[in-house]
Amino acid sequence: MAACNAGPGLMITLRSLDAQTMPRDEFEVIVVDDGSTDDTPTVLRAAVATRPWLRVEEIACSGSAGRPRNVGTGVARGEYVLYADPYDELFPEALLRTWEYASGNNADVLIAKEVHPQGWETFRFNEPRVPVLDEHVLALLTAHKLYRTAFLREHGIRFPEGATALVDHGFNALAYARAEVVSVLADYPCYRPATARPDPADPRLLWDAVRRDVRAVAAGPRRGPLLTRWYRGCLLARLGPPLLGLGSAARDATVRLARDLHREYFGPELDTVLSAVERPRARLCRAGDVSALLGLAAVDRGVTARPEVMEAAWRQGALELVVAATLVDTDGVPVLFRRSGDRVFRLVPAALAGLLTDDELDVTDLLRGRVELGVRGRTSRVEWPLPSHGRVEFVDTPAGTVARGWCAARLYVGAAAYGGPLDEPIWDLTVRFTALGYVSHRGVPPAGVSAGPALVEDRVVVPFAANGAQLSVDLSRGTPGLLPPGGLTPADVTRADARLELRLPPIHLDGFAAAPGEVIVGGVAYPAECRTIDGRSIVRAPVASMANGPVTLRLADPPADTGLVLVPSIGGLSHARRRPPAGAPSPQPVGASPHQPTPGLYLSREGGHPRHHGPPRTAGGLVRRVYNRLSHSVIRASRDG
């Protein structure tokens, strides 16, 4: 780990290493202090004193992370090295899992699941040995990966040093060109970067670094896929909407330097792999037309997909969703295309249309669309794709032709995390729309979703609208998530001689005819079961007819206070009442005198008659006791006729 004036960021990373499940004697951490002038040396001295696996090297300030990383690699004793940055975090099983997977597959490079929006395509599946280095495998060019130490030393693979940019890109350009085995670990999140590093303000520094890497890639053994990655991700991507954020001088320099690099290394034969968005951008880059590139960037800026939920319902323990999405501009208006016969063309401003040919604007065969759903942990930001199927197509509307897609997906909380259960309290649903070179990744809106709670594998799942704009599911509420917001009311309770029924809002039960649970009355637990029939959920429990006290329901942990209390009724069954607020007088039995003491009193039945237990507390209580016995004797005599 390179550290230059890292301050508190060091401890964030070191604490995540403290939590690693790998035995402490099986890994080492090397921090190279790159000439820090703040309290970093003091922080490191204190950290070393309590961490025998931590080593510190000190060098003069070098200007970038390249030299300190090379120094660390040179003294590393491990079979594999991983490069981390201050403020970043590793998940607890990261070192153990990555080492086991990399060593088990003899990987030269292991790409481990990273919390990063560009990792969606990369981390779909575990890949012991990647067959092709395509754009998905190469999407993330960070150095937060596992590299076999002997492989790096054998091929002399080092980071660029000095005052330079894109040191991770330069390192990976060399590593991927020479790696025999590249593996992908997708089933466990390993690394969470704190922030992305921005491009340097000086365009010359940036484009010198891009040229350095392109030159290395072009001379390497895997020229084709690597050159394509740098062409699309490092050159053309910077000539889109990011161009609009630069000042006039920086824009001119960026286009000039990109044009020169483009003419030298990227011939027209590479344009066949470009998207509909990238093709006209490449054409204008070759021409070095700053004004036209700015105009095209303005067209592409803010283009996204507007999703809407068409259907959401629980079926067989899964929340099934059908989501549609339409490509829209920055104002939310659908992006229009022109259909001519069986061909579809982009619509661009007239000033651009005169510079681009029909072939460069023809997008008929370049849709390459997909709509997918995922879930993202609210705290960890870890995202898992959900099993989805759907399509994107051109649809004719009265206003014109639009790009619209849809997908159907199933959220099963017991298997959504690469076959494992979701392990955080709150998960946000996301939708990813890709078409024509546009990528939109955003939250699923809650509008149109009326699905209620579900009980799945003893876990309560509650769909809800976060901030009114995000569809999410809460896995932390337990039984309280099955009750109405204000709790139950006396009208939700039915009593029979030996049974208590609680009526709940509709609950989806995961394949259960009846979900087991318990009802607790006055501290006494009674077995219960919940059934959902004809849109109604009923909890039934064989509760003693005269039991009284607070009513608690448990169908999953934690249990729920229903807000009700059963109180005895003179001469009859106990009744449900709302529990009084804290400090309010305890509820009295129905028909009882306000002066009658009730603490400790409960009723039960013996031989079909109500019976008090415990001595009467007042003379009035004794009179009522005799009166009740005489009353029931008279009633029984009259019934017996």
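Among the hydrophobic types (A, V, I, L, M, F, W, C), open to solvent by less than 10 Å² (accessible area, probe 1.4 Å), part of a strand (DSSP E or B) and within 30 Å of PRO516 (Cα to Cα) - does that describe any residue in the stretch 433-440? No, there is no match, as no residue in the stretch 433-440 is among the hydrophobic types (A, V, I, L, M, F, W, C), open to solvent by less than 10 Å² (accessible area, probe 1.4 Å), part of a strand (DSSP E or B) and within 30 Å of PRO516 (Cα to Cα). Of the candidates ARG97, ARG67, the single residue that is modelled with pLDDT of 95 or more and touching a Gly at 6+ places or on another chain (Cβ under 9 Å) is ARG67. The test for being under 30 Å from ALA576 (Cβ atoms) and either β-branched (Val, Ile, Thr) or modelled with pLDDT under 95 (or both) holds for GLY487.
Pairs meeting the criteria (first residue in the stretch 438-466 and at positive phi, second residue open to solvent by 30 Å² or more (accessible area, probe 1.4 Å) and in a strand (DSSP E or B), beta carbons under 7 Å, at least 6 apart or on different chains) are GLY448/GLU308.
Within this structure, ARG215 fails the test of being more than 30 Å from PRO92 (Cβ to Cβ), exposed (fewer than 14 other Cβ atoms within 10 Å of the Cβ) and not polar (S, T, N, Q). Return yes or no: is GLU383 buried (at least 19 other Cβ atoms within 10 Å of the Cβ), within 15 Å of the chain's Cα centre (by Cα) and within 29 Å of LEU347 (Cα to Cα)? Considered against the rule, which asks whether it is buried (at least 19 other Cβ atoms within 10 Å of the Cβ), within 15 Å of the chain's Cα centre (by Cα) and within 29 Å of LEU347 (Cα to Cα), GLU383 comes out as no. Per the conditions (1) in a loop (DSSP other than H, G, I, E, B); (2) open to solvent by less than 60 Å² (accessible area, probe 1.4 Å); (3) farther than 27 Å from ALA165 by Cα, the sole criterion not satisfied by PRO52 is (2).
Of all the residues in the stretch 263-281, those that are buried (at least 21 other Cβ atoms within 10 Å of the Cβ) and in a helix (DSSP H, G or I) number 4. The residues of the stretch 218-238 that are open to solvent by 10 Å² or more (accessible area, probe 1.4 Å) and hydrophobic (A, V, I, L, M, F, W, C), listed by number, are ALA218, ALA219, ALA237.
Look at the stretch 155-182: where a residue is over 19 Å from PRO128 (Cα atoms) and free of Cβ contacts under 8 Å to residues at least 40 places away in the same chain and a partner is in a helix (DSSP H, G or I) and aromatic (Phe, Trp, Tyr), sitting 6+ places away or on another chain with Cβ atoms under 7 Å, you get ILE157/PHE171. Candidates GLY119, GLY170: the one that is farther than 25 Å from GLY74 by Cα, open to solvent by less than 10 Å² (accessible area, probe 1.4 Å) and in contact with an Asp or Glu (Cβ under 9 Å, 6 or more places away or on another chain) is GLY119.
Of the residues ALA84, ALA47, the single one that is touching a strand residue (DSSP E or B) at 6+ places or on another chain (Cβ under 8 Å), outside any helix (DSSP H, G or I), among the aliphatic types (A, V, I, L, M) and open to solvent by less than 30 Å² (accessible area, probe 1.4 Å) is ALA84. When CYS61 is tested against (1) surrounded by fewer than 18 Cβ atoms within 10 Å (Cβ to Cβ); (2) part of a helix (DSSP H, G or I), only condition (2) is not met.
The sole residue among ALA196, ALA201, ALA209, ALA175 that is more than 17 Å from ASP88 (Cα to Cα), outside any strand (DSSP E or B) and open to solvent by 40 Å² or more (accessible area, probe 1.4 Å) is ALA201. When the stretch 122-139 is filtered for residues that are open to solvent by 40 Å² or more (accessible area, probe 1.4 Å) and either outside any loop (DSSP other than H, G, I, E, B) or more than 20 Å from ALA416 (Cα to Cα) (or both), the ones remaining, listed by number, are GLU127, PRO128, ARG129, PRO131, VAL132, ASP134, GLU135, HIS136.
Could you check, for the stretch 96-105, whether at least one of its residues is at positive phi and aromatic (Phe, Trp, Tyr)? So far as the stretch 96-105 goes, no, none of its residues is at positive phi and aromatic (Phe, Trp, Tyr). Where strands (runs of 3 or more DSSP E) fall wholly inside the stretch 322-415, the ranges with 3 or more residues that are β-branched (Val, Ile, Thr) are 388-397. Residues in the stretch 480-532 that are open to solvent by less than 30 Å² (accessible area, probe 1.4 Å) and farther than 14 Å from ALA454 by Cα: GLY487, LEU488, VAL493, LEU500, GLU501, LEU502, GLY517, VAL519, VAL521, ALA528. The residue pairs whose first member lies in the stretch 19-31 and is assigned to a helix (DSSP H, G or I), whose second member is surrounded by 15 or more Cβ atoms within 10 Å (Cβ to Cβ), and whose beta carbons are closer than 7 Å, counting only pairs six or more residues apart or on different chains, are ARG24/TRP53.
The values are calculated or read from the model by the stated rules, or taken from the named source; none is laboratory data. Here the structure is a predicted model, which is why all the values come from computation and not from measurement. Every residue, glycine as well, gets a Cβ built from its backbone with ideal geometry; the counts of neighbours run over all protein chains shown. The protein model used for the area step is the full one, side chains on, heavy atoms only, and it has no ligands, DNA or RNA in it. Shrake-Rupley method; radii C 1.70, N 1.55, O 1.52, S 1.80 Å.
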